[in-house]
């Protein structure tokens, strides 16, 4: 009697697009023993992967045909469509995972196109530099087919922490835009800080040495703000809108006095003032988000916004 344990067959994977991210994705799957097929419009980029055991497809359609999970990592969604349109017939019964950076509307369109060709669709937002793929520093948000996520969850976890955020295909992209908004807001504050310091001869490195721990401490306030926003209860006994409007006004005045522009922070002051004009000066600083909500014009396409 043969008692030798049998290993579970590994899913076959195609990686289409061999830029910095695509290269590392393919290497990660190869290292874990997955049959991996690769294709790139410039075939020379596949040479190192082929040396490590990847199969080089002669076309995108050939790569799709060879694989159960097809991962696309290219410049934009238009390029995804250009590459996959000739391979559309081969998509039947497969899962397409698109990790190309984009916005929610194209993700929804690509998901519908994929479904029309008999395939499941996942959209992935990758939070990692290529060097950290497969480490504890990386995480990826997925949206689209819950069945596909469940089927390939173990493979997806090889790339980093895998979180499924919902079946609406554009959700991972929307999360991506939201998180990147926070990042760029931080960068804006940083640029304003070092410019103000520089106007008085203070080096950027000196300001940054103090700024980083200050921002880390300030970030502790964000979960509390989030709870206030979700609940709609902005009552506070601490740092309210009136206080912060005065503080930010002082910053803007000092910035102008130093001969610098205020383009980065002046819009935030406008949000504060709008809330104060409406009688919310005693409310929490978090209420500034309501000024953004007032400026939002909802879409008339019900399919474009996930139901709540």
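Every read-out reported here was derived from the displayed coordinates using simple, explicitly stated rules and does not represent laboratory data. As the structure is a computational prediction, the values presented were derived from the model and not from experiment. Cβ coordinates were reconstructed from backbone atoms using ideal geometry, including for glycine residues, and neighbour counts include every protein chain displayed.
Data table
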read-out: Cα long-axis angle, helix 222-231 against the chain (0 to 90 degrees, to the nearest 10); value: 90
read-out: Relative contact order %, the stretch 13-167, counting alpha carbon pairs below 8 Å whose residues are six or more apart; value: 19
read-out: Neighbour-count order for 280, 11, fewest beta carbons within 10 angstrom listed first; value: 11, 280
read-out: At R0 = 35 Å, FRET efficiency that the Cβ-Cβ distance of residue 59 and residue 20 yields, to 0.05; value: 0.95
read-out: Between the stretch 20-97 and the stretch 203-228, the Cα center-to-center distance that results, in Å; value: 41
read-out: Folded to 0 to 90 degrees: helix 20-31 orientation relative to the chain principal axis, Cα; value: 50
read-out: At R0 = 45 Å, FRET efficiency that the Cβ-Cβ distance of residue 76 and residue 239 yields, to 0.05; value: 0.60
read-out: Inverse mean reciprocal Cα-Cα distance (Kirkwood Rh) of the stretch 111-166, Å; value: 11.7
read-out: Approximate spin-label separation residue 222-residue 11, in nm, with each point projected 7 Å along Cα-to-Cβ; value: 3.0
read-out: Three-way shape label, the stretch 21-84, alpha-carbon gyration tensor, a/c 1.5; value: prolate
read-out: Label-to-label distance, nm, for residues given as residue 208 and residue 41 (7 Å Cα→Cβ offset); value: 3.5
read-out: Sorted by Cβ neighbour density within 10 Å, fewest at the top, the residues 136, 114, 85; value: 136, 85, 114
read-out: DSSP beta bridges in the chain [antiparallel fraction, %, rounded to 5]; value: 25
read-out: Two-site label geometry, residue 52 and residue 92: point separation in nm, points 7 Å out along Cα→Cβ; value: 3.4
read-out: Relative intensity, log₁₀ I(q)/I(0), of the chain from a Debye sum that treats every alpha carbon as a point, q = 0.09 Å⁻¹; value: -0.62
read-out: Global form of the stretch 67-194, assessed from the alpha-carbon gyration tensor, a/c cut-off 1.5; value: prolate
read-out: Cα gyration tensor shape of the stretch 136-206, rounded if a/c is under 1.5, else prolate or oblate by comparing a/b with b/c; value: oblate
read-out: At R0 = 22 Å, FRET efficiency that the Cβ-Cβ distance of residue 195 and residue 273 yields, to 0.05; value: 0.40
read-out: Packing-based exposure ordering (other Cβ within 10 Å, fewest first) of 190, 29; value: 190, 29
read-out: Mean Cα-pair separation over length for the chain, i.e. relative contact order, pairs under 8 Å, 6 or more apart, %; value: 11
read-out: Degrees, to the nearest 10: 204-218 long Cα axis against longest axis of the chain; value: 90
read-out: Alpha-carbon spread of the stretch 199-295, three principal axes, descending order, Å; value: 44, 27, 24
